[in-house]
Amino acid sequence: MDVSPNVINEEMLRGLLAEGYVIEVICTGSAEKRTNTWYGRWVIRAVLPDGSSPKALVTSRTQFKQREIKTIVGLVSFLSDMGCKTACIPLEQGATQRHVVAGRGKA
């Protein structure tokens, strides 16, 4: 089976984070507040600290559908599960923000 080297699942992301990669959150749909919840669209990439070697987080390495997070609560939960101790969330489409897993250095 031919699998793209530029896509990863959550397990692979954890491995890359242990090797020094950082999480890059990309806002693909501007956030908006509805009642007391913020909605938007965010995708995740693993990149080296210099921004090179990007790898997109997908739902399945067989279907290549990029995983999309649709609420700020979901995004913060994902970042926390990955080991991040803080979350800085881009709210405008096209904006990005990098996150370093606790104890792994600086982005």
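We did not get these values from a lab; they are worked out from the coordinates using the rules stated. Predicted, not measured: the structure shown is a model, and the values here were computed from it. Note that each Cβ is placed from the backbone with ideal geometry, even for glycine, and that neighbours are counted across all protein chains shown.
Would you indicate which of [x] 1.08; [y] 1.04; [z] 0.96 is the value of Cα Rg over 2.2 N^0.38 Å derived from the coordinates of this structure?
Comparing each candidate, only [y] matches the computed number.
Using Cα atoms only, what is the angle between the long axis of helix 72-81 and the major principal axis of the chain, expressed in degrees (0 to 90) to the nearest 10?
So the helix axis and the longest Cα principal axis differ by about 30 degrees.
Arrange the peptides 85-91, 30-36, 70-76 so that the one whose residues have, on average, the most other Cβ atoms within 10 Å appears first. List each step's numbers first, then the result.
Values: 85-91: 13.9, 30-36: 10.3, 70-76: 15.6.
Output ranking for 85-91, 30-36, 70-76: 70-76, 85-91, 30-36.
Between ASP50 and ALA87, what length in nm is gained on full extension when 0.36 nm per residue of separation is reduced by their alpha carbon distance? Don't skip to the end; give the middle numbers.
On the way: separation 37, 0.36 × 37 = 13.32 nm, distance 1.96 nm.
Gain on extension, ASP50 to ALA87, equals 11.4 nm.
Quote the FRET efficiency, to the nearest 0.05, computed for ARG14 versus ARG41 with a Förster distance R0 of 30 Å and r equal to the Cβ-Cβ distance.
0.80
With the dipole of the chain worked out from charges on the C-beta (+1 for Lys and Arg, -1 for Asp and Glu) around the Cα centre, which of GLY83, ILE8, ASN36 lies farthest toward the positive end?
Of GLY83, ILE8, ASN36, it is ASN36.
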